[in-house]
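Peer 1: I am attaching a structure below and will ask some questions about it afterwards.
The values are calculated or read from the model by the stated rules, or taken from the named source; none is laboratory data. Note that the structure is predicted; figures quoted are calculated from it, not measured. A quick note on method: Cβ atoms are made from the backbone with ideal geometry, for glycine too, and the neighbour counts reach across all protein chains shown. The area values use the complete protein model at the heavy-atom level, side chains included, leaving out ligands, DNA and RNA. Shrake-Rupley method; radii C 1.70, N 1.55, O 1.52, S 1.80 Å.
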Amino acid sequence: MAEINTQKLDSYLRLIEISRDLASTLDLDELLDRIVKAAADFSDAEAASILLYDNTARQLYFQVATNIDEPTRRGLVVPLEGSIAGWIVTNRKPLRIDDVNKDSRHFGDIAQSTGFSIKSILGIPLITKNKVVGVLETLNKKNGEFTPEDENLLSVLGAQAAVAIENARLFQQSDLISEFVHELRTPLASLSTATYLLLRPEISREQHEQIVSSIHSETLRLNTLTSSFLDLARLESGRVQFRKSTFDIMDLLYECKDVMASKAEEDNIQIRVIDPEGGSPLEADRDKIKQVILNLLSNALKYNRRDGSVILKITSEKEKMIISVQDTGLGIPKDALGQIFDKFYRVKENESTATGTGLGLAICKKIIQGHGGVIEIKSKPGIGTNILISLPLQSKFIQN
Ligand SMILES: Nc1ncnc2c1ncn2[C@@H]1O[C@H](COP(=O)(O)OP(=O)(O)O)[C@@H](O)[C@H]1O
Ligand SMILES: [Mg+2]
């Protein structure tokens, strides 16, 4: 009778338990976290990481690792050529390497920037429905070298992980899409009413013009809604690549002020940019930070009062920069502050003041988080709102 290998049996029992756990997680971030932890544990490795593969863009994006918790690395592109993960995707095969430093496929950037030195790697492709969704890697076997048995176990875990990732992604998309469709109903209903009215013989020329103008503004709003929605969907899927450069934040603030100048004039609102002492270089994705400032400035104008003001201010601290956007507007009721960064959320009291989509702040938050920063809001109804962004002076994400 064959002897039962109890250690092996133990591993398989634990695998079953983990698979169950993975299948019940629909939150993608949480899921990836659990997968890397289980993988490191199973292979008796110092660390583990996951890269997700985008089939359309044919690119690999670094996602999570047990030894790195900085969000700035999320979404970093790892080249398909010249990386171990790339080899695994292209060949759809596991790979075991005892010393990566002797392997030309090793892509050292992510590891180097964290100070974590990699010696051995066991990597497997995450495949479901014949599609590669990513790569799971375990790094540095604690004792000795990775074995074929480690490879087998990790492959079983990987197969479960791939299905769970695909499910979480589909769930995320369907959730977002159903909210989007819901948001489309109101503008579509008003467009339908408007066109119906246009066809009525009894409406006057003046009414006709009014209706056409409302159709025009409603379609503009639908346009904004669609592009904001796509922006957010891309950010949420972790497929946005941040492009790092060093720039002067003051130049950027003045640029944003110029963009919004005519809008500010309409309500006689003054925009002031307050210079800090000395220069203010920031290392970040300039276009994305500009998108954030324009969003906040647009809110500060939209929800302001006539003859009000907006102040854009920078304060530099030791290793971070605080950007503040302060207005003299309507403010936000206390009980609404907790939901203000939720997608599609708009404050009831302010809704009639200005048109909007409720996506602006959700996008801002995603971008700031992607830089390893924090966005906060302080507000007093009737007095004004202050948005504070805190960003590390040097974003640590890597450029290929
Ligand atoms: N500066 C501000 N002053 C007052 N209310 C604000 C301000 N910024 C945002 N809000 C409130 O937060 C909601 C969400 O903002 P946002 O996500 O930018 O969506 P939108 O501006 O498209 O409505 C707005 O609808 C508004 O009610
Ligand atoms: Mg807005």
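Peer 1: What dipole magnitude, in Debye to the nearest 20, does the chain give about its Cα centre under +1 on Lys/Arg Cβ and -1 on Asp/Glu Cβ? Provide the component values of the computation, followed by the final result.
Peer 2: Details: 48 positive and 55 negative charges, 88 e Å.
Rounded to the nearest 20 debye, it is 420 debye.
Peer 1: Continuing with this model, one more query. With Cβ to Cβ distances under 15 Å as the rule, what net charge do the other residues near Ser352 carry (K, R +1; D, E -1)?
Peer 2: Computed value for this residue: +3.
Peer 1: Right, another one. In the chain, if the dipole is taken from +1 on Lys/Arg beta carbons and -1 on Asp/Glu beta carbons about the Cα centre, which of Leu170, Leu157, Leu199 is farthest to the positive end?
Peer 2: Value: Leu199.
Peer 1: Still on this structure, I have one more. Arranged from highest to lowest average of other beta-carbon atoms within 10 Å per residue, in what order do the peptides 87-93, 358-364, 9-15 appear?
Peer 2: Order by mean packing, descending: 358-364, 87-93, 9-15.
Peer 1: Further question: So what is log10(I(q)/I(0)) for the range 92-171 at q = 0.27 1/Å, when the Debye sum runs over its Cα atoms only?
Peer 2: -1.23
Peer 1: Okay, next question. Just tell me which aspartates and glutamates come within less than 17 Å, Cα to Cα, of Lys334; anything on the same chain fewer than 8 places away is out.
Peer 2: List returned: Asp342, Glu349, Glu351, Glu376.
Peer 1: Roughly to the nearest percent, how much of the accessible area of the range 243-400 is carbon and sulfur, given a 1.4 Å probe?
Peer 2: Ligands and nucleic acids excluded, carbon and sulfur give 47 percent.
Peer 1: Compute the normalised compactness of the chain: alpha-carbon radius of gyration over 2.2 N^0.38 Å, N being the residue count. Walk me through the intermediate numbers first.
Peer 2: Details: Rg = 25.7 Å, N = 400, 2.2 N^0.38 = 21.4 Å.
Cα Rg divided by the expected 2.2 N^0.38 Å: 1.20.
Peer 1: Can you give the FRET efficiency for Thr56 and Tyr196, using 1/(1 + (r/R0)^6), R0 = 41 Å, r = Cβ-Cβ distance, to the nearest 0.05?
Peer 2: Values: r = 40 Å, r/R0 = 0.97.
Once the sixth-power term is evaluated, E becomes 0.55.
Peer 1: Let me ask something else about it. Angle, helix 286-302 long axis vs. longest principal axis of the chain, Cα atoms, 0 to 90°, nearest 10?
Peer 2: 40
Peer 1: Could I have the simple spin-label model distance between Phe171 and Asp10, label points 7 Å from Cα toward Cβ, reported in nm to one decimal?
Peer 2: 3.1
Peer 1: Distance in nm between label sites at Tyr254 and Gln241, each 7 Å beyond Cα in the beta-carbon direction?
Peer 2: 3.2
Peer 1: While we're looking at this one, here's another question. Divide the volume of the convex hull of the Cα atoms of the range 79-215 by its number of residues and quote the answer in cubic angstrom per residue. Before the final figure, lay out the partial values.
Peer 2: On the way: hull volume 24.9 nm³, N = 137.
Normalising the Cα hull of the range 79-215 by residue number yields 182 Å³.
Peer 1: Follow-up question, since we're still on this one. Below 8 Å between Cα atoms, with a sequence gap of 6+, how large is the relative contact order for the range 6-170 in percent?
Peer 2: Rounded, it is 27 percent for the range 6-170.
Peer 1: Let me ask you something else. Quantify, in whole percent, the carbon and sulfur part of the accessible surface of the range 6-170 (1.4 Å probe; protein heavy atoms only).
Peer 2: Accessible surface attributable to carbon and sulfur in the range 6-170 totals 47 percent.
Peer 1: In square angstrom, what is the accessible area per residue of the chain with a 1.4 angstrom probe?
Peer 2: With all protein chains present, the chain gives 52 Å² per residue.
Peer 1: Return the distance in nm (one decimal) between the two label points of a simple spin-label model at Ile383 and Glu149, each offset 7 Å from Cα along Cα→Cβ.
Peer 2: 6.7
Peer 1: Scattering from the C-alpha atoms of the range 243-400 alone, worked out with Debye: what is log10 I(q)/I(0) at q = 0.09, 0.11 1/Å?
Peer 2: The computed values of log10 I(q)/I(0) come out as -0.28, -0.41.
Peer 1: Pop the C-beta distance of Asn67 and Ser213 into the FRET formula with R0 = 45 Å and round what comes out to the nearest 0.05.
Peer 2: Rounded to the nearest 0.05, the efficiency is 0.20.
Peer 1: For each pair in Lys263/Lys380; Lys343/Lys380; Lys93/Lys131; Lys244/Lys318; Lys37/Lys141, compute the distance between the two Cα atoms and list the pairs where it is over 18 Å.
Peer 2: Where the Cα-Cα span goes over 18 Å, the pairs concerned are Lys263/Lys380; Lys343/Lys380; Lys244/Lys318.
Peer 1: Quick check: the angle from helix 148-198's long axis to the longest principal axis of the chain, C-alpha only, nearest 10 degrees?
Peer 2: Rounded to the nearest ten degrees, it is 20.
Peer 1: Based on DSSP H runs of at least 4 residues, each adding -39500 (n - 2.57), what is the mean residue ellipticity at 222 nm of the chain after dividing by all its residues, to the nearest 500 deg cm²/dmol? Spell out each step's value before the answer.
Peer 2: Details: 9 runs with 177 residues, N = 400.
My calculation for the chain gives -15000 deg cm²/dmol from helical runs alone.
Peer 1: With Cβ to Cβ distances under 10 Å as the rule, what net charge do the other residues near Arg306 carry (K, R +1; D, E -1)? Present the calculation step by step, with values, prior to reporting the outcome.
Peer 2: Working: positive: Arg305; negative: Glu266, Asp267, Asp307.
Neighbourhood net charge equals -2.
Peer 1: Calculate how steeply helix 205-236 sits against the longest principal axis of the alpha-carbon atoms of the chain, using the helix alpha-carbon long axis, and give the answer as 0 to 90 degrees to the nearest 10.
Peer 2: Between helix and principal axis, roughly 20 degrees.
Peer 1: Please work out the C-alpha center-to-center distance from the range 285-309 to the range 204-277 and express it in whole Å.
Peer 2: Here the answer is 8 Å between Cα centres.
Peer 1: For Val374 and His182, what does the FRET efficiency come to when R0 = 25 Å and r is the distance between their Cβ atoms, rounded to the nearest 0.05?
Peer 2: Using R0 = 25 Å, I get an efficiency of 0.25.
Peer 1: Which residue, Val78, Val64, Val163, has the most motion in a Gaussian network model of the chain that connects Cα atoms within less than 10 Å?
Peer 2: Among Val78, Val64, Val163, the largest mean-square fluctuation in the Gaussian network model of the chain belongs to Val163.
Peer 1: Taking θ = phi - 60°, what integer Hz values does the Karplus form 6.51 cos²θ - 1.76 cosθ + 1.60 yield along the range 257-270, in sequence order, with x for Gly and Pro?
Peer 2: Working through the residues one at a time gives 4, 4, 4, 9, 4, 5, 5, 5, 4, 3, 10, 6, 9, 8 Hz.
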